[in-house]
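Structure first, then comments.
The values are calculated or read from the model by the stated rules, or taken from the named source; none is laboratory data. Predicted model only: the values in this text are computed from it and were never measured. For neighbour counting, all protein chains shown are included, and Cβ atoms are generated from backbone atoms with ideal geometry for every residue, glycine included. To get the accessible areas, we keep the full protein, side chains included, count just its heavy atoms, and leave off ligands, DNA and RNA. Shrake-Rupley method; radii C 1.70, N 1.55, O 1.52, S 1.80 Å.
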Amino acid sequence: MKKIILALALIVSGLSAEAQLKTPQSSPKATLSQSVGLTDVEIVYSRPSARGRVVFGNLIPFGKVWRTGANENTTVSFGDDVVIDGKTLAKGTYSLFTVPKIESWEVIFYKTTDNWGNPAEWKEENVALRTTVKPETLNKKVETFTIGLSNIDNNFAFLEMYWENSYAAVKFEVPTQQKATANINKVLAGPAAGDYFSASQFLFQSNGDANKALEYVNKALDMTKEKPFWYNRLKSLIQAKLGDKKGAIETAKLSLAAAEAAKNQDYVKMNKDSIAEWSKS
């Protein structure tokens, strides 16, 4: 009997879990991801609808800080520093607040993003950037609050907000020219030390051409003023694989000294163990 009761309880529990009510959100969440030039931009926000209400001047009072959406903070993330109204906004994620007015909107990028709605205590030191834009009147009604990115150029884009008959936009500039130039210069200058090290490590770990791996790790070491202990560790392993135990021991001693200076006990032990092993043969 107890087994029957337990089985029924499990069945009822399963049915209850399956029967959890799901209904549409009144302000559904949206995520917008867009590359502007070489800069990644992401916006996450909840989208309230007017539903017959007067929005600006009523539901959203003029002159008051608005969460610019619904529910938890609307967030805007920039993958690089951007420039807004001549001011630099450091790369990162910000909550987006606005102060709608009839003649102008204040747009505020705020440093904390874990609020439900407006911060419990507004702190001016958390304002990363504030700018003012002139709103426009739309010739058709927008029922659901919308944030978008448009007029996308390699060097700038506009963060746009639409609701009811109002439209406001903030232009932001991205460092495409600087990033592209830096990337071009890096590529045309040839591989860096880290590139040669990675190539050498791949060849060694995949049982590729050991002589080529040694050539690459030597190039990596030649390009670095302070020889990283992990570079010389790899070189010693390649030398040992090629049968050069004497050379491997000398290189391992260099790695050991650098690892001891860096207080990296893992590499200290590995080098000591390898030196002991190679010294036997």
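Against the empirical 2.2 N^0.38 Å (N residues), region 9-166 has a Cα radius of gyration ratio of 1.21.
Across the alpha-carbon atoms of the chain, the computed radius of gyration and Dmax are 30.1, 87 angstrom.
For region 156-278, the dipole from Cβ point charges (+1 on Lys and Arg, -1 on Asp and Glu) about the Cα centre works out to 500 debye, to the nearest 20. Within the listed set 246, 87, 179, the residue fluctuating most in the Gaussian network model of the chain (springs between alpha-carbon atoms under 10 angstrom) is 246. Each Lys and Arg adds +1 at its Cβ and each Asp and Glu adds -1 at its Cβ; summed about the Cα centre, region 77-138 shows a dipole of about 40 debye. In the elastic network of the chain, a GNM with C-alpha springs shorter than 10 Å, the most mobile of 259, 182, 70 is 259. A compact globular protein would have a Cα radius of gyration near 2.2 N^0.38 Å; the ratio found for region 195-239 is 0.99. Considering only 268, 135, 258, and ranking their Cα positions along the charge dipole of the chain that arises from unit charges at the beta-carbon of Lys, Arg, Asp and Glu, the one farthest toward the positive end is 268. Relative to the globular-protein estimate of 2.2 N^0.38 Å, the Cα radius of gyration of region 109-178 stands at 1.35. Solvent-accessible surface (1.4 Å probe) assigned to residue 123 amounts to roughly 80 Å².
Using helices alone, what [θ] at 222 nm do you get for the chain, with -39,500 (n - 2.57) per DSSP H run of 4 or more residues, divided over all residues and rounded to the nearest 500? The helix-only estimate for the chain comes to -12000 deg cm²/dmol at 222 nm. Here the spin labels are modelled as points 7 Å beyond Cα on the Cα-Cβ line, and at residue 223 and residue 30 they lie 4.5 nm apart.
Among rounded, prolate and oblate, which fits region 130-281 when a ≥ b ≥ c are the square roots of the eigenvalues of its C-alpha gyration tensor, a/c under 1.5 means rounded, and a/b larger than b/c means prolate?
In terms of gyration-tensor shape, prolate.
How far is the Cα center of region 214-281 from the Cα center of region 80-132, in Å? Their Cα centres are 51 Å away from one another.
Relative to the Cα centre, the charge distribution of the chain, modelled as +1 at Lys and Arg Cβ and -1 at Asp and Glu Cβ, gives a dipole magnitude of about 760 debye.
No solvent, one uniform scatterer per C-alpha: report log10 I(q)/I(0) for region 198-267 via the Debye equation at q = 0.23 1/Å, two decimals. Treating every Cα as an identical point scatterer, log10 I(q)/I(0) equals -0.98. Note on residue 267: accessible area is roughly 60 Å² with a 1.4 Å probe, heavy atoms of protein only. Have a look at 279, 32, 84 and report the one farthest towards the positive end of the charge dipole of the chain, computed about the Cα centre with Cβ charges (Lys/Arg +1, Asp/Glu -1). Positive-end residue among those listed: 279. Among the listed pairs 212/246; 225/263; 227/269; 64/123, none has a Cα-Cα distance over 27 Å.
List the GluC sites (Glu not before Pro) within region 56-111 that fall in a DSSP loop (any state other than H, G, I, E or B) and whose Cβ has at most 11 other Cβ atoms within 10 Å. Loop-located and lightly packed - 103.
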